[in-house]
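> Sharing a structure below in C-alpha cells format, with a few things to ask.
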2 protein chains.
Amino acid sequence: MPVPLTKESEVDVLVIGAGPSGLMGANALRKAGVNVRIVDQRPQRVAAGQADGIQPRTMEVLQSYGLAERLLREGNRMYMCAFYNPGPDGGIICTGRAPDISAPTARYPHETTLHQGGIEAIFLDSMASMGLEVERPVVPSLIEVSKDEAELKDPQAHPVKVVLKYLDVPEGKIDTEVVRAKFVVGTDGAHSWVRKSCDIVMEGEQTDYIWGVVDMFYETDFPDIRNRCAIHSANGSCMVIPRENEIVRLYAQLSDTDVVDANGRVDKTKMGPQQLLEVANKSLYPYKISSKGEVDWWTIYIIGQRVASKFSINERVFIAGDACHTHSPKAGQGMNASMNDTHNLAWKLAHVLRGWADMSLLKTYEFERRKYAQDLITFDKRFSALFSGKPRTEENQGGVSHEEFLATFQTFGGFSSGVGVHYQPSAIVNPEYQSFARNLIVGQRVPPRVFVRAADAWPLDIQDLLPSDARFKILLFAGDIVDPAQSERVRQLAEEMGRPEGFLKRFSKGSVETMFEVLTIASGDKFKVITTPVPSIFRSHWSKLFVDDQDMFKRAGGGGYEYFGVDPRGAIVVVRPDGYVGMVTPFEQHKAIDQYFASFMAA
Amino acid sequence: MPVPLTKESEVDVLVIGAGPSGLMGANALRKAGVNVRIVDQRPQRVAAGQADGIQPRTMEVLQSYGLAERLLREGNRMYMCAFYNPGPDGGIICTGRAPDISAPTARYPHETTLHQGGIEAIFLDSMASMGLEVERPVVPSLIEVSKDEAELKDPQAHPVKVVLKYLDVPEGKIDTEVVRAKFVVGTDGAHSWVRKSCDIVMEGEQTDYIWGVVDMFYETDFPDIRNRCAIHSANGSCMVIPRENEIVRLYAQLSDTDVVDANGRVDKTKMGPQQLLEVANKSLYPYKISSKGEVDWWTIYIIGQRVASKFSINERVFIAGDACHTHSPKAGQGMNASMNDTHNLAWKLAHVLRGWADMSLLKTYEFERRKYAQDLITFDKRFSALFSGKPRTEENQGGVSHEEFLATFQTFGGFSSGVGVHYQPSAIVNPEYQSFARNLIVGQRVPPRVFVRAADAWPLDIQDLLPSDARFKILLFAGDIVDPAQSERVRQLAEEMGRPEGFLKRFSKGSVETMFEVLTIASGDKFKVITTPVPSIFRSHWSKLFVDDQDMFKRAGGGGYEYFGVDPRGAIVVVRPDGYVGMVTPFEQHKAIDQYFASFMAA
C-alpha cells in the first residue's frame, strides 16, 4: 500500500502569516494557554528593512507581555523631530524642533526604531520559550468555512478547513496537511491570500504619491541626522528616520518621470539605491549624505490607503494587519496598527475558547479595529498630503507652511502615538458612569501612573499591574480607608460584591483569581494604610493593596486620584484584558458591572 | 612510558574561589580582555541561602557591567524599614517606619535581596557569554611567589606558581596542574587557603553575639513582613529581611544557653530551624510566624569583625572579599564589600597587564580597600552593638532607644548604602582642585544625573556613560559654548590638550579612544547646542556631546552644573575606570592632569 501523502489534524487557532501582526497574535494566544499554530510561506525570517517604527502605545502593549525591555535595549529612540523648509538662498534651513511625540501621557515618550527582523525576533524568542515555533515554508492552498449553523455557533467545533502545503519536503514524504481549526487568523500581508480566498475586498484607493526608501550606514554633515526630520525643499520632500546601529532610513519623494513606465505603472528597474540617494541629496541641499558601503535595504512604493470591507467571515476566519488595512509609511502606523489588531483579538479568542465568553464577544474585534483603521486613513490622508505637498515659498503661497505642518503633527499626537485610541461603546465599552473616574476614559487605555504597594512601599506603575494575561482587572479605588466611615462602606461593598450572584463569583470558574485580578488602591498615607484591614475579596494577597502616595524618596507617586479624576468616595474600574477601560462605576452601582459581564459572558 | 599525570600552564590571572568576589573579579577581567581563569573547590554552585543583600552602590556597579537589569527583575526590593520596640503590655509595637536607604543620591533607592546562588548565576552567565567557565571542583595545594626581584618587577613575568588538584578526575588521568600566573587573586572566603598559605593574619576579634538565620516560605500575621524590620523586644532581638519568591529571612539573636557547649564553643547540633523559629516567635510576640513546609536554608554564627593585616604579597598575590575582612551580616555589607574589592582591583590589573600602567598602581588596591574594610568594622561594631543591645524600657533606662537606633541607622546611610565610599588621596585620587566641581567629590563615585544627548535629545544617566570598560573617562564640562567667548576658550583648550605631550596623546596607545573616553557636557539650551561646533578631540563621535538641559518632556535633566557644583566657566573631571572621581581641574590647570597620569602610567 502506498504511504498517504496527506495528514490530518485539528487545532484551536491557526495563524497564517508570521509578520508582526501574526506573531503578536500567536504569542498572545500561546501565553493565554491556547492551542495555536502559526505558519508562514517565507523560508527564513526577515533580515533587514521593512517596517521599523514602534509607537509609544505599542511599546506599552509590548511591556504588558514582558517584551519591551529588549526592544528598548536593541532599538534606537526618536525623542526629537526637526522641521526643514526652503531657506532664502535655495537650500533648506531648520525652521523648528519639537518633541517627536505629542502625547503627554505616553509612558515611553519616544518612537523606537529597529528593523522588522529585530522586532520579529523578540516574538520568536518569546514563543520559543513557550514551545511554539513558526512552521515554514508553508503555503495554504484552500480555506473553507462550514455552512452548518449549529457548527458555527458551537465554539468547540472545528468549522474551518485549511489545506497546507509544505514547500521544502523531500519527494515522497508528506507535503500536505488538512487542518481543521476552530478559528483562523489571516495575517498574511497586503496581498493576503486569506482575504482573497474569502472574497473580502479592499475599499479605498492608491494615491499619486510615489516614495523611495533606503536604509544605510551613512556619512553626512546634516546636523539633525539622529532626529526624525520632515524636510520640505524646493526640490521635493524627504524624511529622515534614525535607526539602530548607526543606520539611517531616508524616505524620498519621487516624481513620475523617475519611476513610472509608459503604462503608468511603477517600474522598479528604473530606480536603484544610488538614484534614490541622488533624489534625497537634492532635497537635503546644502547638506550632503552618502552611504558607507552597500545600502542595507531599499524599495519604492505608491501609497495605498485602503481598508477591507469586513474583518471576518462568521467570526471564524479573521483578517488582521496589512491584510485588512494599508497606509503610507510616513506616519509610521502600519506595523503598530497591525500588532494592535491581534492584541485586540487574542484575548477575545482565548475567552471564547475557554468557554468563558459568548461567541458574540468576537464581533467587537471588527467593530473596534475597523473603525480604528478607517480613522487611521483619515489621519494618514491628511498627513500624507501635507507631507507630499509643495512647501510654501514666496512664489508658492498656496503651499504647505511650517506652521500648518507642525499644527497637524501635534494635533494628531495622541493618534499617531497610539495612546489616544478610543474604542466606541459596545458590550465591552460602557461609559455610563464615566464621571466617577473622569480621566480613566472608558474605551481608552489606562495611562501610566505610579502607586505605592502598601505592604513594602514598592513604587509600581499601574500599567505593570495590568499585564496581558487574558484576565479582566478590577481596580477598586477604595478612598480613604483609614477613615472608619469609608472603611465601613468598603466592607459593605465587599459583602455585596462577594455574593454568589455578583460577577466576581458568578462568572469566575473555580477561584475568582482565575478570571479576575482585583487590585485595591486606597488614597491616603502609606504609613497608615499598611496596617488598615481590607476585606479579603479586595486583597487576596499582600501584594494587591496600593496607596496613592509618594514613594519613600518622593521621586514618584501621589496625586493619582486627582490625575485619574477619581471620586474621593471611590470608584470601581473594569479594565479589559488588553489594558483598555471597559467600565467605571461608583460603589452604589456595582450591579451595573454584573450586567456588563452578563452581556457577553457565557451563561 | 607512563602518561604524565601533571600538566603545566601559564595564565595572566588565576582567581581562586568563585563566590561573589571572585566572580566579580573574573567577569571584570574577562570583559577587559584579560587572560583569566577561575577555579573553585565546590563541585556545584550555591543553591540557597548565604549572603543575599545587594546595596545601592553595588547595584550601580553591576549596572556599569550591564548586569543590574536581571538582578532587579529577579530580586526583591526593600524600600521601607520598620522599627519595633517593646510596647506597654509586653508585646512589640511599631515605633516608626523610614526609608530603608538613607542616601538621597542613590540611583537605586532600595536594597535588593536574592539568594547568593541567584546573584552568582548572573555572573556565571555573563562569563559564559565571554567563553569563561568556573573550573570545579578544584583545590589549590601549593602557592609560591618568586623571590627574584627582577621577575617581580616585570609585569609580563609569571612569578607565582600554583599547584591545582582536580577532584573529580578518573583514576589514571591527569589530576594535577602546575599553573604559572602573572597574578593570583584569592577570593576563597573567610577560611581562605590563599591567605593562610601566604601567612597573612586576621586582626580583630569575634564578638559575644550569637545569631541564627533562617530562610523560609512563611505564614504570619505580622504586618511588616515585606519590609526590613529591626525588632527589639524584651525577649531578644530579631531582624526581618523579605526576599524573592515570597521567602523571608529571619535573624534571631541567640543566648549562650541556646547554643554554646561546655567549652564555650558554638554547638550547631543544639539548634535547628524549629528552635530558631521558637526564638524568633518570642521576639515577635504578639505576632506569630511559621514556616510553610521545610525551611529553605538556615545556620548559626558568632559575629566576627576582622581585617587581614595586608591584602597582598608583593602585589602578585591579592586577597579579596571574606578572605580579608569579615563582618556581621546585620548591616548586609559583607558580600557588597567583597564584590567592590575585586571591582576596585580588576581594572588596575588590566592596565598593568596591558603595559599601560606601572606596577605601582596595584598598591592602591590595599590602600583603598583595607581602609574601607576597617571603616566598615567601626561602623559594624556600633551597629551590631546597638542591634544586639537590650532595648530601652521603663526598667532598663540604659538600653538602646528607638531614637538612638534610628539616628545611627540614618547617620550611616551613605556608608551602609555604599554610595558614601570615599577613597583617600593617592596617585589616582587628587583633590587639589576640588572646588571647580564641588559635588563631584574626588575619591567618591559619580552620582547619577540625567543629561540630554545633543544630537538626538536622548536623556541618559551619566552613570550609564561611565561603563566599567577599563577606560578612564574625561568629562569636559564645557560651559555655555553657544557664547563665542566660551567657545573660543574651549577651542584653545582643545588645541593645548591635543598636543603630543598632553595626556590624551602621550599615554594612549594607538587612538585616544583605546584608553580614554572623552565626553563633553555643555550648559545651555539643547536646541542651540545641537548645531554648535565642538572641537573633534572633545567630540570624537556624534554621541559624545551632552547638554545640561531638560529632556523633551521635562521629565528629567537640567540643573546638573549646579547639582555637581561645577564652575560655570567649565571644569575637566577625570573619572577612573571603576566610576570614582580621580581628579578635577579648571581649564587652566589641564597640565595637572598630565602629571596625574604620569605618576602611575608606564613611561
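The values are calculated or read from the model by the stated rules, or taken from the named source; none is laboratory data. As the structure is a computational prediction, the values presented were derived from the model and not from experiment. Note that we place each Cβ from the backbone using ideal geometry, even for glycine, and neighbour counts take in every protein chain shown. Side chains included, ligands, DNA and RNA excluded: accessible areas come from the protein's heavy atoms. Shrake-Rupley method; radii C 1.70, N 1.55, O 1.52, S 1.80 Å.
> Checking B:Asp480 against (1) loosely packed, with under 15 Cβ neighbours inside 10 Å; (2) of a type in the set (Asp, Glu); (3) closer than 17 Å to B:Phe587 by Cα, only one condition comes out false. Which one?
(1)
> Here's a follow-up. Based on this model, can you work out whether B:Arg499 counts as touching a Phe, Trp or Tyr at 6+ places or on another chain (Cβ under 9 Å), away from chain A (no Cβ under 14 Å) and either open to solvent by 20 Å² or more (accessible area, probe 1.4 Å) or part of a loop (DSSP other than H, G, I, E, B) (or both)?
no
> List every residue pair whose Cβ atoms sit under 6 Å apart, with the two residues 6 or more apart in sequence or on different chains, where the first one lies in segment A:99-110 and is within 8 Å of another protein chain (Cβ to nearest Cβ) and the second, anywhere, is open to solvent by less than 40 Å² (accessible area, probe 1.4 Å) and of a type in the set (D, E, K, R).
Listed by first residue and then by second, the contacts come to A:Asp100/A:Glu111; A:Asp100/A:Arg228.
Condition check ((1) open to solvent by 30 Å² or more (accessible area, probe 1.4 Å); (2) within 18 Å of B:Phe415 (Cβ to Cβ); (3) assigned to a helix (DSSP H, G or I); (4) touching a residue at least 12 places away in the same chain (Cβ under 8 Å)) across all residues:
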residue	(1), (2), (3), (4)
B:Ser283	no, no, yes, yes
B:Pro286	yes, no, no, yes
B:Ser290	yes, no, no, yes
B:Gly293	yes, no, no, yes
B:Tyr301	yes, no, no, yes
B:Asn336	no, yes, yes, yes
B:Asn340	no, yes, yes, yes
B:Asn344	no, yes, yes, yes
B:Trp347	no, no, yes, yes
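> Now, a different point. Report yes if B:Tyr580 is open to solvent by less than 30 Å² (accessible area, probe 1.4 Å), more than 27 Å from A:Arg77 (Cα to Cα) and not β-branched (Val, Ile, Thr), otherwise no.
yes
> For the condition open to solvent by less than 30 Å² (accessible area, probe 1.4 Å), within 14 Å of chain B (Cβ to nearest Cβ) and either of a type outside the set (S, T, N, Q) or not in a helix (DSSP H, G or I) (or both), what is the one hit in A:Asp464, A:Asp456?
A:Asp456
> Counting just the residues of segment B:542-560 that are facing chain A (nearest Cβ under 9 Å) and outside any helix (DSSP H, G or I), which one comes out nearest to B:Ile462 (Cα to Cα)?
Looking at residues that are facing chain A (nearest Cβ under 9 Å) and outside any helix (DSSP H, G or I), I get B:Asp551.
> All but one of (1) within 11 Å of another protein chain (Cβ to nearest Cβ); (2) open to solvent by less than 10 Å² (accessible area, probe 1.4 Å); (3) in contact with a strand residue (DSSP E or B) (Cβ under 6 Å, 6 or more places away or on another chain) hold for A:Gly96, so report the exception by its number.
Condition (2) is where A:Gly96 drops out.
> Only one of A:Asp125, A:Asp148, A:Asp168 is in contact (Cβ under 8 Å) with a residue 60 or more places away in the chain, away from chain B (no Cβ under 14 Å) and open to solvent by 50 Å² or more (accessible area, probe 1.4 Å); which?
Step by step, each of A:Asp125, A:Asp148, A:Asp168 is checked, and only A:Asp168 is in contact (Cβ under 8 Å) with a residue 60 or more places away in the chain, away from chain B (no Cβ under 14 Å) and open to solvent by 50 Å² or more (accessible area, probe 1.4 Å).
> With the requirement that a residue be of a type in the set (S, T, N, Q), at pLDDT 95 or above and open to solvent by 20 Å² or more (accessible area, probe 1.4 Å), what does segment A:180-230 give you?
A:Ser197, A:Thr220
> Restricting to segment A:510-546, what's the tally of residues that are open to solvent by 60 Å² or more (accessible area, probe 1.4 Å) and in contact with a Lys or Arg (Cβ under 7 Å, 6 or more places away or on another chain)?
Result for segment A:510-546: 1.
> Let me ask you something else. Does A:Val11 qualify as being open to solvent by less than 10 Å² (accessible area, probe 1.4 Å), of a type in the set (A, V, I, L, M, F, W, C), touching a residue at least 60 places away in the same chain (Cβ under 8 Å) and more than 14 Å from chain B (Cβ to nearest Cβ)?
Answer is yes for this residue.
> Let me ask you something else. Within the group B:Pro533, B:Pro568, B:Pro577, which residue is within 14 Å of another protein chain (Cβ to nearest Cβ) and part of a loop (DSSP other than H, G, I, E, B)?
After ruling out the rest, the residue left standing is B:Pro533.
> Another question about this same structure. Output yes when any residue across segment A:46-56 is within 21 Å of A:Gly418 (Cβ to Cβ), of a type outside the set (Gly, Ala, Ser) and part of a helix (DSSP H, G or I), and no when none is.
Yes, that holds for at least one residue.
> Condition test on B:Tyr79, is it among the aromatic types (Phe, Trp, Tyr) and either surrounded by fewer than 18 Cβ atoms within 10 Å (Cβ to Cβ) or facing chain A (nearest Cβ under 10 Å) (or both)?
Yes: the conditions hold for B:Tyr79.
> Return yes or no: is B:Met130 more than 14 Å from chain A (Cβ to nearest Cβ) and farther than 30 Å from B:Ala82 by Cα?
yes
> Within the bounds of segment B:557-568, is there any residue that is at pLDDT 95 or above, among the acidic types (Asp, Glu) and open to solvent by less than 20 Å² (accessible area, probe 1.4 Å)?
no
> Let me ask another. Kindly indicate whether any position in segment A:384-392 is in contact (Cβ under 8 Å) with a residue 24 or more places away in the chain, in the same structural domain as A:Met59 (by TED's automatic domain parsing) and touching a His at 6+ places or on another chain (Cβ under 6 Å).
No - not one qualifying residue is present in segment A:384-392.
> If only one of B:Ala470, B:Ala485 is open to solvent by 30 Å² or more (accessible area, probe 1.4 Å) and either part of a loop (DSSP other than H, G, I, E, B) or of a type in the set (A, V, I, L, M, F, W, C) (or both), which one is it?
Selected residue: B:Ala485, the only one of B:Ala470, B:Ala485 that is open to solvent by 30 Å² or more (accessible area, probe 1.4 Å) and either part of a loop (DSSP other than H, G, I, E, B) or of a type in the set (A, V, I, L, M, F, W, C) (or both).
> Hey, can you tell me all the residues within segment A:547-556 that are open to solvent by 40 Å² or more (accessible area, probe 1.4 Å), within 23 Å of B:Thr95 (Cβ to Cβ) and not hydrophobic (A, V, I, L, M, F, W, C)?
Result: A:Gln550, A:Lys554.
> Restricting attention to segment A:428-450, and to residues there that are in contact with a helix residue (DSSP H, G or I) (Cβ under 6 Å, 6 or more places away or on another chain) and within 14 Å of chain B (Cβ to nearest Cβ), which single residue is least open to solvent (accessible area, probe 1.4 Å)?
A:Pro448
> OK, next. B:Gly420: open to solvent by 10 Å² or more (accessible area, probe 1.4 Å), part of a loop (DSSP other than H, G, I, E, B), under 30 Å from B:Pro86 (Cβ atoms) and modelled with pLDDT under 90, yes or no?
Criteria not met by B:Gly420.
> Report, ordered by the first and then the second residue, all pairs with beta carbons closer than 7 Å, sequence separation of six or more or different chains, a first member in segment B:191-207 that is without any contact (Cβ under 8 Å) to a residue 24 or more places away in the chain, and a second member that is assigned to a helix (DSSP H, G or I).
Hits for this filter: zero, empty list.
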